[in-house]
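S.K.: This is the structure, below, for whatever I ask next.
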Amino acid sequence: MARVRLTGVSKRFGDTSAVDDVNLDIADGEFLVLLGPSGCGKSTLLRMLAGLEQPGAGRILLDDTDITEQPPQRRDLAMVFQSYALYPHLTVAGNIGFPLRARRTPRARIAARVAEVAASLGLTGLLHRRPAQLSGGQRQRVALARAMVRSPGAFLMDEPLSNLDATLRSATRAELISLHRTLGATFLYVTHDQVEAMTMADRIVLLDAGRVQQVGTPAELYDRPRSVFVAGFLGSPPMNLFPAEVTARGAALHLVAGGIDIELPIRAAGFGAELPVVAGIRPERLRLVSADPDIRGHVAMIENLGSEELVHLAAGAHRIAVRAPRPAGVTTGETAGVRVRPADVHLFDPGTGLRLTWQEPPSTTAGAAVRTATVPA
Ligand code: ATP
């Protein structure tokens, strides 16, 4: 069993800050996904956990033991690499049993354990083959079996599905979820693929430039992104993000940008000036309407996604994507309108990029009014 804690973990390579002051508390049995764009430091963080890289600062604890200086083989962790890293001259059985042989486990015990793990991953018929005689999916399962054979407290996985084709990837994703349930072990999983993160994670750690941007359940990150970066990273097609202003009109506040006027359920009392914001609305939260639209524009393009259409509206200077069931009922070039629930509007500070929270009651200054204003869910 393994609870993993990182405190103030940093790593530099020359001028590059690969991992910058990361603090995480990973519960025993949790499926934690490290997600982020290429070069954000995911692999470096995982390699420090595995002991393959030494942190420049900070501590790593496994349960209550400080393992920061422990060599990889002494850590109760097993790593699965993107490349599988199988020994080409060994059979499947030889590869799976390798970690036990390295620990001088008795032969009979190795054979029994290899048979057991191979059976659980559907590899029994392949035990005599060499890696070159296996498909990508089978190699990936051998790499997993080799990690499982010692029953480690935690599994560290670095993009283990990225060499598989789309169908196999989706099937293996489901297998990994069920394997995690069966084993009850801690999984730390690196990917740049948001679908993998959203479907598999108990919690996601989203990294950018070595720093943690947000930690939370997939729903928390998707529904309440902490910043413009998080909002733009998760979601396909991505969230519509555009500069706008919050301004008082009559008794209410409105979110205004070219072609866009959304009444926010916040009292305008005391709101003196216009507040520049970055607004965000997910394409699937917009609804095409024929009357009283919040956003009006002309249809610049329609993409056929099969079951749905992605309608691109040009509203003033902004492009707004609307995801609608197919057929969406509009044609390119015509004027169209969409409506949005105010609760589906995200607001961010254009300076810091951070989320503006909406809580009653509005205070008297413009900035504070939106920073503390409420939109009922
Ligand atoms: P990817 O998804 O592309 O694998 P990543 O998020 O896993 O990226 P890392 O491999 O952890 O990113 O790299 C983080 C940063 O550290 C990058 O800027 C990378 O170029 C740099 N880096 C990683 N390893 C080394 C190294 N051994 N020497 C110098 N720079 C390195």
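The values are calculated or read from the model by the stated rules, or taken from the named source; none is laboratory data. Note that this is a predicted model, so its numbers are computed, not measured. Glycine also receives a Cβ, built like all others from the backbone with ideal geometry; neighbour counts cover every protein chain displayed. What goes into the accessible areas is simple: the full protein's heavy atoms, side chains included, and nothing from ligands, DNA or RNA. Shrake-Rupley method; radii C 1.70, N 1.55, O 1.52, S 1.80 Å.
S.K.: Could you give every pair whose Cβ atoms fall below 7 Å, whose first residue belongs to the range 110-121 and is outside any helix (DSSP H, G or I), and whose second residue is open to solvent by 50 Å² or more (accessible area, probe 1.4 Å), counting only separations of at least 6 or pairs across chains?
M.R.: From residues that are outside any helix (DSSP H, G or I), the pairs are Leu121/Arg141.
S.K.: Taking the options Arg104, Arg74, Arg109, Arg130, name whichever one is modelled with pLDDT of 90 or more, under 26 Å from Thr186 (Cα atoms) and surrounded by fewer than 18 Cβ atoms within 10 Å (Cβ to Cβ). So that I can check it myself, show each step before the final result.
M.R.: Numbers: Arg104 fails: modelled with pLDDT of 90 or more; Arg74 fails: modelled with pLDDT of 90 or more; Arg130 fails: under 26 Å from Thr186 (Cα atoms).
Result: Arg109 is the single residue among Arg104, Arg74, Arg109, Arg130 that is modelled with pLDDT of 90 or more, under 26 Å from Thr186 (Cα atoms) and surrounded by fewer than 18 Cβ atoms within 10 Å (Cβ to Cβ).
S.K.: I need a count of the residues in the range 275-286 that are open to solvent by 70 Å² or more (accessible area, probe 1.4 Å) and at pLDDT 95 or above.
M.R.: First, the residues of the range 275-286 that are open to solvent by 70 Å² or more (accessible area, probe 1.4 Å): 276, 284-285.
In the following step, the residues that additionally are at pLDDT 95 or above were identified as 284-285.
Selection size over the range 275-286: 2.
S.K.: Moving on to the next point. If I go through the range 297-317 residue by residue, how many of them are open to solvent by less than 10 Å² (accessible area, probe 1.4 Å), out of contact with any Asp or Glu (no Cβ under 6 Å at 6 or more places or on another chain) and at pLDDT 95 or above?
M.R.: Residues in the range 297-317 being open to solvent by less than 10 Å² (accessible area, probe 1.4 Å), out of contact with any Asp or Glu (no Cβ under 6 Å at 6 or more places or on another chain) and at pLDDT 95 or above: 2 in total.
S.K.: On to the next question. Scan the range 133-146 residue by residue and report those that are of a type in the set (Gly, Ala, Ser) and at pLDDT 90 or above.
M.R.: To start, the set of residues in the range 133-146 that are of a type in the set (Gly, Ala, Ser) comprises 135-137, 143, 145.
Result: Ala143, Ala145.
S.K.: A further question follows. Going through the range 172-209 one residue at a time, which ones are among the acidic types (Asp, Glu), assigned to a helix (DSSP H, G or I) and within 16 Å of the ligand (Cβ to nearest atom)? Let's see the steps before the verdict.
M.R.: From the range 172-209, those among the acidic types (Asp, Glu) are 175, 193, 196, 202, 208; that's our starting set.
The next check asks that each one be assigned to a helix (DSSP H, G or I); those that pass are 175, 196.
Across the range 172-209, the qualifying residue is only Glu196.
S.K.: Considering the range 232-258 alone, what residues qualify as being more than 16 Å from Arg319 (Cβ to Cβ) and open to solvent by less than 10 Å² (accessible area, probe 1.4 Å)?
M.R.: Leu234, Val246, Leu253, Leu255
S.K.: Let me ask something additional. Give all pairs with beta carbons closer than 6 Å in which a residue from the range 207-219 that is over 18 Å from Ala27 (Cβ atoms) meets a residue that is hydrophobic (A, V, I, L, M, F, W, C) and within 12 Å of the ligand (Cβ to nearest atom); count only pairs at least 6 apart in sequence or on separate chains.
M.R.: Leu207/Cys40; Asp208/Cys40; Gly210/Ala18; Gly210/Val19; Gln213/Leu206
S.K.: Which condition does Ala321 not pass, out of (1) at pLDDT 90 or above; (2) part of a loop (DSSP other than H, G, I, E, B), if it passes all the others?
M.R.: Going through (1) at pLDDT 90 or above; (2) part of a loop (DSSP other than H, G, I, E, B) one by one, Ala321 breaks only (2).
S.K.: A further question on this structure: Any residue at all in the range 136-148 that's open to solvent by 20 Å² or more (accessible area, probe 1.4 Å), within 28 Å of Gln214 (Cβ to Cβ) and either basic (Lys, Arg) or within 16 Å of the ligand (Cβ to nearest atom) (or both)?
M.R.: Checking the range 136-148: not a single residue is open to solvent by 20 Å² or more (accessible area, probe 1.4 Å), within 28 Å of Gln214 (Cβ to Cβ) and either basic (Lys, Arg) or within 16 Å of the ligand (Cβ to nearest atom) (or both).
S.K.: Right, another one. May I ask you to list the residues in the range 9-59 that are in a loop (DSSP other than H, G, I, E, B) and either more than 10 Å from the ligand (Cβ to nearest atom) or outside the structural domain of Gln213 (by TED's automatic domain parsing) (or both)? Quick ask: steps written out before the conclusion?
M.R.: Step one: filter the range 9-59 for residues in a loop (DSSP other than H, G, I, E, B), giving 14-15, 27-30, 36-41, 51-56.
The answer is Ala27, Asp28, Gly29, Glu30, Gly51, Leu52, Gln54, Pro55, Gly56.
S.K.: Output yes when any residue across the range 232-246 is in contact with a Gly (Cβ under 7 Å, 6 or more places away or on another chain), farther than 19 Å from Pro350 by Cα and either away from the ligand (no atom under 16 Å from the Cβ) or assigned to a helix (DSSP H, G or I) (or both), and no when none is.
M.R.: Initial filter on the range 232-246 (in contact with a Gly (Cβ under 7 Å, 6 or more places away or on another chain)): 238-241.
Then keep just the ones that are farther than 19 Å from Pro350 by Cα; that gives none.
There is no residue in the range 232-246 that is in contact with a Gly (Cβ under 7 Å, 6 or more places away or on another chain), farther than 19 Å from Pro350 by Cα and either away from the ligand (no atom under 16 Å from the Cβ) or assigned to a helix (DSSP H, G or I) (or both).
S.K.: Taking the stated definitions as given, is Gly272 at pLDDT below 90 and open to solvent by 30 Å² or more (accessible area, probe 1.4 Å)?
M.R.: Values: at pLDDT below 90: yes; open to solvent by 30 Å² or more (accessible area, probe 1.4 Å): yes.
Taking the combined requirement at face value, the residue satisfies it.
S.K.: Taking the range 203-216 as the search range and keeping residues that are within 11 Å of the chain's Cα centre (by Cα) and open to solvent by 50 Å² or more (accessible area, probe 1.4 Å), which one is nearest to Phe233 (Cα to Cα)?
M.R.: Val215
S.K.: Among the candidates Asp261, Asp294, single out the residue that is touching a strand residue (DSSP E or B) at 6+ places or on another chain (Cβ under 8 Å), surrounded by fewer than 20 Cβ atoms within 10 Å (Cβ to Cβ), at pLDDT 90 or above and of a type in the set (Asp, Glu). Can you show your working first?
M.R.: Numbers: Asp294 fails: surrounded by fewer than 20 Cβ atoms within 10 Å (Cβ to Cβ).
The conditions single out Asp261.
S.K.: Has the range 161-170 got any residue that is buried (at least 22 other Cβ atoms within 10 Å of the Cβ), touching a residue at least 60 places away in the same chain (Cβ under 8 Å) and either in a loop (DSSP other than H, G, I, E, B) or within 16 Å of the ligand (Cβ to nearest atom) (or both)?
M.R.: No, there is no match, as no residue in the range 161-170 is buried (at least 22 other Cβ atoms within 10 Å of the Cβ), touching a residue at least 60 places away in the same chain (Cβ under 8 Å) and either in a loop (DSSP other than H, G, I, E, B) or within 16 Å of the ligand (Cβ to nearest atom) (or both).
S.K.: With respect to the numbered conditions (1) open to solvent by 80 Å² or more (accessible area, probe 1.4 Å); (2) without any contact (Cβ under 8 Å) to a residue 40 or more places away in the chain, which one is the sole condition not fulfilled by Arg59?
M.R.: It is condition (2) that Arg59 fails.
S.K.: Please pick out the residue among Gly184, Gly232 that is out of contact with any helix residue (DSSP H, G or I) (no Cβ under 9 Å at 6 or more places or on another chain) and at pLDDT 95 or above. Break it down stepwise before answering.
M.R.: On the way: Gly184 fails: at pLDDT 95 or above.
Just one listed residue meets the conditions, Gly232.
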